[in-house]
1. With surrounded by 14 or more Cβ atoms within 10 Å (Cβ to Cβ), touching a helix residue (DSSP H, G or I) at 6+ places or on another chain (Cβ under 9 Å) and more than 25 Å from residue 85 (Cα to Cα) as the only criterion, which of 213, 186 stands out?
2. Among the residues of the range 1-20, write down those that are farther than 10 Å from residue 48 by Cβ and either touching a residue at least 60 places away in the same chain (Cβ under 8 Å) or touching a helix residue (DSSP H, G or I) at 6+ places or on another chain (Cβ under 8 Å) (or both).
3. So which residues in the range 80-103 are more than 17 Å from residue 114 (Cβ to Cβ) and part of a strand (DSSP E or B)?
4. Counting only residues that are part of a loop (DSSP other than H, G, I, E, B) and in contact with a helix residue (DSSP H, G or I) (Cβ under 7 Å, 6 or more places away or on another chain), which one in the range 61-79 is farthest from residue 192 (Cα to Cα)?
5. Could you tell me which residue of the range 32-60 is nearest to residue 184 (Cα to Cα), considering only residues that are in a loop (DSSP other than H, G, I, E, B) and free of Cβ contacts under 8 Å to residues at least 40 places away in the same chain?
6. Let me confirm something: among 110, 133, 165, 173, which residue is surrounded by fewer than 20 Cβ atoms within 10 Å (Cβ to Cβ), in the same structural domain as residue 73 (by TED's automatic domain parsing) and over 14 Å from the mean Cα position of the chain (by Cα)?
């Protein structure tokens, strides 16, 4: 079965170029030229993953993402203007799983899509379904859900993956390069703040404990501390 990608992009030439390339790589592609149509298709469960441009003619892509995050956990990759760090930061805060600057290389887009979908599929296929408890957190792998003191945490697909890696190695330091590879499926590159933003979002959702349960170990990586 082909993975279904929803491509929301108002630039007709770019959208059709990416759609043709994705189709040639074995993806089933749905297209939308504006935010309203993209939102309707995404909420209609017609896709497995969304590629979403921020600059859309009717609804800003970030607002589309906010609507999606209130109703679905679909993985979302943002298309952002090259060098616009503000949009990337806000995108992660709203709930993006990854981003690619425009103009984007179709091969890179395919690699990001495959990495994200592969992590989700591997997690569902190989991990035991039995719930696991880490202090005040309860993880239910079958549903890819995390509960804190009985309350569900609204995590993106990538935030879930990052947290799982840290929980599995609680009390130990996980190098940033390893965490990037294991949770995001790609190498850590200079000046890439993607992982930092996901960690920041996780800290906020977990309650900003003092001291933080996700500790930054300067020069090495991160360590998860189970509260007592």
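The values are calculated or read from the model by the stated rules, or taken from the named source; none is laboratory data. Because the structure is predicted, anything quoted here is derived from the model rather than measured. Neighbour counts run over all protein chains shown; Cβ positions are idealised from the backbone, glycine included.
1. Exactly one residue qualifies, and that residue is 213.
2. 7, 8, 9, 14, 17, 18
3. 80, 81, 101, 102
4. 71
5. Among those residues, the one meeting the criterion is 54.
6. Values: 133 fails: in the same structural domain as residue 73 (by TED's automatic domain parsing); 165 fails: in the same structural domain as residue 73 (by TED's automatic domain parsing); 173 fails: in the same structural domain as residue 73 (by TED's automatic domain parsing).
The match here is 110.
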